[in-house]
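Let me begin by presenting the structure, written as structure tokens, before commenting on it.
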Amino acid sequence: MRRSRSVLLGSLFSLVMLGSSVPASAAPDDIRPPAGTVLDNFHLVGHAALDGFGDYGDIFAHGDFAYIGSRCSGTHQGGDGVQVVDISHPNRPRLVSKLPNPAYTRAEDVTVLDVRTPSFTGTLAVVGIQACFSSGHETEVVPGVRLFDVTDAVHPALLGQWDLPQGTVGCHEIDAVQRADGKVLVACARNLVDHRRSNGATALHLIDATNPRSPQKLTDWSLNLTTDQGVGCSAVQFAHSARFEDGGNSVYVSYWDAGTVHLDISQPATPAIVSDTKITPPDEDGDNHSMTLANNGKWLIINTEDTSPEDCPGESAYGGWGEVHVYDNTNPKQPTFLGTFSTGDSRSTRTDGEFTDHNTEVASGGQFFSSWYSGGIVWWTMNDHGVSAQRGQFVPPPNSDGSPASVWGVFIDKKHNVILGSDMTSGLWIVKPTRLDTL
């Protein structure tokens, strides 16, 4: 869940693609960062301003290509597609194609995977489609999921789509997996507005995309909670995000104030609750935005996206910005609190930016990389006693209108041994942590 903000494009920077004139053999630290860039234990490898649309969403990478979602705000009313960027030379990324979405919609979230089924063998991109707000065309839009063949990412092809009812808002976050039994599953977590309209009955859909040309709904699932009866400043409870784990036999649903719900979907038509991890206490606001597993599944990482200083200014009971919560998941039926990680800015109530965690991904050796909006990309660690430490930080430069960076997504690209970040205005950033040889 991310609040809309006005985006001024301007010139962004005096260059469209940082490092485009640097030879492929150049070392990362040979690339000169723009003024105002923060590089604490990071090298800047490359940058692509994409198509200049200036309202980008999440990021995923597969092979030699990065995929960056697009949003809609202000005068920009969607239809800009998922940006496909060739990152085979990370210091010279270049936009090569788009995965299209209809006008007045946003393609915010994307995931890509190799699949092999009787119906399709190749690389599959799954894109969540949502209506743009305040476009004047909300009742005309048909949201849902689009599935693309990106085996040749330069020439993507639409394979099929799974539609939600016309006039609904759509799939806010999605995920996809191919299980050992061959099934390709897609999860669709519905937008907050759809939860409200259904009084909490509409939450999560599991879709069978084994034949991506004809995806079919397997089941719906919900906690059936009244949406606006949460806790804290952002007092809502809804299925914001879903992520497959355990080879597609589990899905974790980030249900905002109602906790992070672990579902057993070994029988995907009949999900069963394994556990529900609520972060209150120790957290005062209780937001469960997204999750990942770490330490071979023994740790549950919960991202909060707590924006209390912005939403409830001056109300000290709700504390500062969001922090990452870590739980011992050795017993998946009863995760136990281990510790938290936060930055100095996220412990403050400053409002000259948004200083909350958004998403976290895990590299080898217990290294964590979190997208942190105005805090950029933060590199941190935690020991077995729950003691955390910040190891580095990358923050893109301010925008041409003076507004701060706003890094939405982070992805660990192990093939190229770099970290990818998507800034909502300035596009794709590629960085490498110092003194960390392998991601």
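Quick notes on this one:
- From the list Ile265, Ile302, the one residue that fits, being touching a His at 6+ places or on another chain (Cβ under 9 Å) and among the hydrophobic types (A, V, I, L, M, F, W, C), is Ile302.
- Verdict on Phe355 being within 24 Å of Asn399 (Cβ to Cβ), within 22 Å of the chain's Cα centre (by Cα) and among the aromatic types (Phe, Trp, Tyr): yes
- Residue in the stretch 110-121 that is under 20 Å from the mean Cα position of the chain (by Cα), among the hydrophobic types (A, V, I, L, M, F, W, C), over 30 Å from Asp181 (Cβ atoms) and surrounded by 18 or more Cβ atoms within 10 Å (Cβ to Cβ) present: no
- Residue match in the stretch 229-241 (condition: within 25 Å of Phe337 (Cα to Cα) and part of a strand (DSSP E or B)): yes
- Number of residues in the stretch 404-439 that are modelled with pLDDT of 95 or more, polar (S, T, N, Q) and more than 17 Å from the chain's Cα centre (by Cα): the value is 2.
- Any hit, the stretch 318-329, residues being part of a loop (DSSP other than H, G, I, E, B), at pLDDT 95 or above and farther than 25 Å from Leu192 by Cβ: yes
- Residues being among the hydroxyl-bearing types (Ser, Thr, Tyr) and in contact (Cβ under 8 Å) with a residue 60 or more places away in the chain are entirely absent from the stretch 217-229.
- Subset of the stretch 399-414 [surrounded by 21 or more Cβ atoms within 10 Å (Cβ to Cβ) and hydroxyl-bearing (Ser, Thr, Tyr)]: Ser406
- Put simply, of Asp352, Asp311, Asp345, Asp328 the only residue that is more than 21 Å from His240 (Cα to Cα), acidic (Asp, Glu) and surrounded by fewer than 17 Cβ atoms within 10 Å (Cβ to Cβ) is Asp352.
- Residues of the stretch 355-398 that are assigned to a loop (DSSP other than H, G, I, E, B), surrounded by fewer than 23 Cβ atoms within 10 Å (Cβ to Cβ), touching a residue at least 40 places away in the same chain (Cβ under 8 Å) and of a type in the set (S, T, N, Q): Ser364 alone.
- Verdict on Ser88 being among the small types (Gly, Ala, Ser), farther than 28 Å from Gly182 by Cα, at pLDDT 95 or above and part of a loop (DSSP other than H, G, I, E, B): yes
- Top-ranked residue in the stretch 244-298 [being of a type in the set (Val, Ile, Thr) and assigned to a loop (DSSP other than H, G, I, E, B); ranked as nearest to Gly366 (Cα to Cα)]: Ile279
The values are calculated or read from the model by the stated rules, or taken from the named source; none is laboratory data. Nothing here was measured: the structure is a model prediction, and the numbers come from that model. Heads up, the Cβs are rebuilt from the backbone with ideal geometry, glycines too, and the neighbour counts pull from every protein chain shown.
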